[in-house]
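*Asks:* Here it is: the structure, laid out below.
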Amino acid sequence: MANTKNNLASLLQRHAATPDKILYSQFENDGWRDYSAGEVAQLAARWQAAFRAQGLQAGDRVALCVRNSVHWVAVDQAALGLGLVVVPLYVIDNPGNVAWCVSDAGARLLVLENARMLEALKVSLSDAPPTIVCLQRDASAAAALCAEDWLPALSAAFEVVAVEPDALAGIVYTSGTTGRPKGVMLSHRNILSNVEATLDVVTVVESDVLVSVLPMSHMFERTCGYYVPLWGGAKVAFSRGANQLAEDLALHHPTILVAVPRVYEKFLARIEQRLQASPMKRRLFHLTIALGWRVFNRRASVLERLLYRRLLKLVAAPIMARLGGRLRLAAAGGAALESRIARTFIGLGLPLIQGYGLTEASPVVAGNRPDDNDPASVGAPLRGLEVRLSDTHELLVRGPSVMLGYWRNPEATRAVLSEDGWLNTGDLADIRDGKIYIKGRSKDILVLSNGEKLPPEEVEMAILDDPVFEQVMLVGEGRSSLLLLAVTQLTDERALVQRANAQLKHFPRYVKVRRVIALKEPWSIEDGLLTPTLKAKRAALLARFSGQIEAAYRS
């Protein structure tokens, strides 16, 4: 039955009674500015007035390619409030991919951060171009409207229309590690049910502060870093970017941090780099982690606990101060968390919990609880979700947060979603004592020329537990042996082979690296080797380094 409470925009409307409550903070004109609930609602209402003037109707698609900001929230809430469908896109994506998604979704309106990709988009969208609005003014951008001019100065109150629970709320395009991305159709019920179930795992209250790190076009950030805190009335500060993240954390003192594992990896790498100058500090650092890990696993003696308390103040506190000094919870998702990273932060006294999800499930499927945390697992399923394993040990999920299907792609939908609602995640898993343990992607099984099979992601995660390896990708499909592409500062191949294989002792004997190609430059989104969600593009990496790979196998 249609109801305003079914609408995701009710998350903003619930703060109508406290218009002065600060919900967001962002950096503008060389300074930070807070935004109250009333200001956000007023901005959203202006967007709604512009949507109406443009003739947009419920069900029309609005594409949003904007950096995390109050405008992102306002456009999203405005569109949802009127029953429009939001298509979030990555600002850092290439224009060709953005144009393809906009065209595939049939978006009538595209909101851009600036005119950077405008010319390229004009060519790609020449057949049926949407109206384009840029947040930043650019005199040369004649093909786009400036938001400042397009938005009316005044408008009626923010509106939230009644919608059916299964009304389409968004089309979220997958990152597309191979081939074109697919548009995941998520309903208002899908996302709201996931928000409510996530709040059973972590408590978010009005006094909490979060620093938004991941792009809100990423479903993990959109649900956990945007909708969840909006539900709880917590304040969110939008980070200025990776280069200023440390300053932003120190300034805003977050109590909760939601990030992909790569953020924690980079922070740890900086710590380890600083410790290189002092052997004594390095020893104390590792002693703190070792004792903290024993305390976490309830194996510490009374003396070890007493020593650990002193080390928390002496060693851990200055490190945690770099993360703002007030963190009570850190959550990792979007990719697998290395055991070394989990052990380090937990050992330093930071409750770091790992979760698991995918866009097709809105996205959270499972999560460790602060009081029931097994870092080797991704935790227990959320309330309302059923999980089981297929005959081939793929994780299947069913429940209210599972997608409606893929946009205009019934064949792809049938391939992963059964008639009785079971979503095949494509991830190999075990379920033990109610917790899920992810083993890797079923489609990514690597088969050597002798027929031996192995999960490359699981092997790569094990190798990454050695900090000398920054990024790695296993090569060996149809080959007689395994080769490793590795971003590392170490150049001795023999040492690299030994270190890689030292991490693989618990794997079958045939899982052994024979050659390592050491690469200095990190893989990035800009060079086309990572997706916007920081996953390795295997085909692109194989193509980029094909010459070195072939030469290594010949020698």
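*Asks:* In terms of modelled amide H atoms, which long-range or inter-chain residues lie less than 5 Å from the amide H of Ala237?
*Replies:* Sorted by chain and number, the residues that satisfy this are Ser25, Leu210, Val211, Ser212.
*Asks:* Hey, another quick one. In deg cm²/dmol, rounded to 500, what helix-only [θ] at 222 nm does the chain give when every DSSP H run of at least 4 residues adds -39500 (n - 2.57) and the total is split over its residues?
*Replies:* -9500 deg cm²/dmol
*Asks:* Here's a follow-up. Take the alpha carbon gyration tensor of region 445-554, find the square roots of its eigenvalues, order them as a ≥ b ≥ c, and report rounded if a/c is under 1.5; if not, report prolate when a/b exceeds b/c, else oblate.
*Replies:* rounded
*Asks:* Rounding to the nearest 20 debye, state how big the charge dipole of the chain is about its Cα centre with +1 on each Lys and Arg Cβ and -1 on each Asp and Glu Cβ.
*Replies:* Rounded to the nearest 20 debye, it is 1960 debye.
*Asks:* Working from the alpha-carbon coordinates of region 286-325, get Rg over Rh, Rh being the Kirkwood radius.
*Replies:* Rg divided by Rh gives 1.01.
*Asks:* Could I ask something else about it? In the chain, with Lys and Arg counted as +1 and Asp and Glu as -1 at Cβ, which of these residues, Gly81, Leu350, Leu307, has the Cα nearest the positive end of the dipole, that is, farthest along it?
*Replies:* The listed residue farthest towards the positive side: Leu307.
*Asks:* Please order Lys505, Lys439 by the number of other Cβ within 10 Å, starting at the fewest.
*Replies:* So the residues, fewest neighbours to most, are Lys505, Lys439.
*Asks:* For Cα pairs less than 8 Å apart in space and 6+ apart in sequence, what is the mean separation divided by the residue count of region 332-482, i.e. the relative contact order in percent?
*Replies:* Result for region 332-482 is 17 percent.
*Asks:* Antiparallel versus total DSSP beta bridges in region 445-554: what percent is that, nearest 5?
*Replies:* 55 percent
*Asks:* Right, something else. State the dimensionless ratio Rg/Rh of region 388-435 (Rg: radius of gyration of Cα atoms; Rh: Kirkwood radius).
*Replies:* 1.01
*Asks:* I'd like the Karplus ³J(HN,Hα) series for region 365-381: coefficients 6.51, -1.76, 1.60, θ = phi - 60°, whole numbers in Hz, and an x wherever there's a Gly or Pro.
*Replies:* Each residue of region 365-381 in turn: 9, 8, x, 5, 9, x, 9, 8, 10, 10, x, 6, 10, 9, x, 8, x Hz.
*Asks:* Just to be sure I understand the curve: with the Debye formula and one point per C-alpha of region 32-166, what is log10 I(q)/I(0) at q = 0.13, 0.16, 0.22 Å⁻¹?
*Replies:* Here the Debye-derived log intensity ratios amount to -0.52, -0.79, -1.43.
*Asks:* Sticking with this one: Tell me the relative contact order for region 445-554 as a rounded percent, counting alpha carbon contacts under 8 Å between residues six or more apart.
*Replies:* Answer for region 445-554 is 21 percent.
*Asks:* Once you put a point 7 Å from the Cα of Thr131 and another 7 Å from the Cα of Ala412, both along the Cβ direction, what distance in nm separates them?
*Replies:* 2.8 nm
*Asks:* State to the nearest 20 debye the size of the charge dipole of region 42-126 about its Cα centre, where the only charges are +1 on K and R beta carbons and -1 on D and E beta carbons.
*Replies:* That gives region 42-126 a dipole magnitude of about 200 debye.
*Asks:* Let me ask something else about it. Just need the relative contact order of the chain here, percent rounded to a whole number, with Cα pairs under 8 Å and 6+ apart.
*Replies:* Once divided by the residue count of the chain, the mean separation gives 11 percent.
*Asks:* Now, a different point. In terms of modelled amide H atoms, which long-range or inter-chain residues lie less than 5 Å from the amide H of Ser36?
*Replies:* Amide H neighbours of Ser36: Leu23.
*Asks:* Is region 126-280 best put as rounded, prolate or oblate by its Cα gyration tensor, with a ≥ b ≥ c the root eigenvalues, rounded for a/c under 1.5, and otherwise prolate when a/b is larger than b/c, oblate when not?
*Replies:* Verdict is prolate for region 126-280.
*Asks:* To continue, here is another question. What does the extension gain come out to for Glu452 and Glu386, with contour length at 0.36 nm per residue minus their alpha carbon separation?
*Replies:* Net length gain for the segment: 20.5 nm.
*Asks:* Once you wrap a convex hull around the alpha carbon atoms of the chain, what is its projected area averaged over all directions, in nm²?
*Replies:* 27.4 nm²
*Asks:* Taking the Cα centre of the chain as the origin and placing charges on Cβ (Lys, Arg +1; Asp, Glu -1), which of Leu490, Ala169, Asn409 is farthest toward the positive end of the dipole?
*Replies:* Result: Leu490, furthest along the dipole toward the positive end.
*Asks:* Turning to a different aspect of this structure: Rank the residues Asp433, Asp492 as a footprinting-exposure proxy: fewest other Cβ atoms within 10 Å of their Cβ go first.
*Replies:* Going from sparsest to densest Cβ surroundings: Asp433, Asp492.
*Asks:* Same structure, new question: Give the value in nm², to one decimal: projected area of the alpha carbon convex hull of region 1-62, averaged over all directions.
*Replies:* 5.7 nm²
*Asks:* Hey, another quick one. Can you list the residues, at least 5 places off or on another chain, whose amide H is less than 5 Å from the amide H of Gly440, using H built in the peptide plane?
*Replies:* Those lying under 5 Å, H to H, from Gly440 are Leu428.
*Asks:* Counting other Cβ atoms within 10 Å, which chymotrypsin sites (Phe, Trp or Tyr not before Pro) in region 432-540 have at most 14 and lie in a DSSP loop?
*Replies:* The qualifying sites are Tyr510.
*Asks:* So how do Tyr90, Tyr24 line up by other beta-carbon neighbours within 10 Å, fewest first?
*Replies:* The fewest-first ordering by Cβ neighbours comes to Tyr90, Tyr24.
*Asks:* For Arg116 and Ala16 in one chain, what is 0.36 nm times their gap in residues minus the Cα-Cα distance, to one decimal in nm?
*Replies:* Fully extending the segment from Arg116 to Ala16 adds 32.4 nm.
*Asks:* Using the reciprocal of the averaged 1/r over all distinct C-alpha pairs, how large is the Kirkwood radius of region 178-263 in Å?
*Replies:* One over the average 1/r among Cα pairs gives 13.9 Å for region 178-263.
*Asks:* For a protection proxy built on the mean count of beta-carbon atoms within 10 angstrom, sort 229-236, 324-331 highest first, please.
*Replies:* Listed from highest to lowest mean packing, they are 229-236, 324-331.
*Asks:* Measure off 7 Å from each Cα along the Cα-to-Cβ vector at Lys443 and Val468, then give the distance between these two points in nanometres to one decimal.
*Replies:* Going by the 7 Å Cα→Cβ label model, 3.5 nm.
*Asks:* Still on this structure, please answer the following. Dividing the alpha-carbon Rg of region 379-477 by 2.2 N^0.38 Å yields what?
*Replies:* Relative to the rule-of-thumb radius for its length, region 379-477 sits at 1.28.
Readers should treat all values here as calculations from the given coordinates under stated rules, not as data from a laboratory. None of these values were measured; they are calculated from a predicted model. FYI the Cβ positions are ideal-geometry reconstructions off the backbone, even for glycines, and counts take in every protein chain you see.
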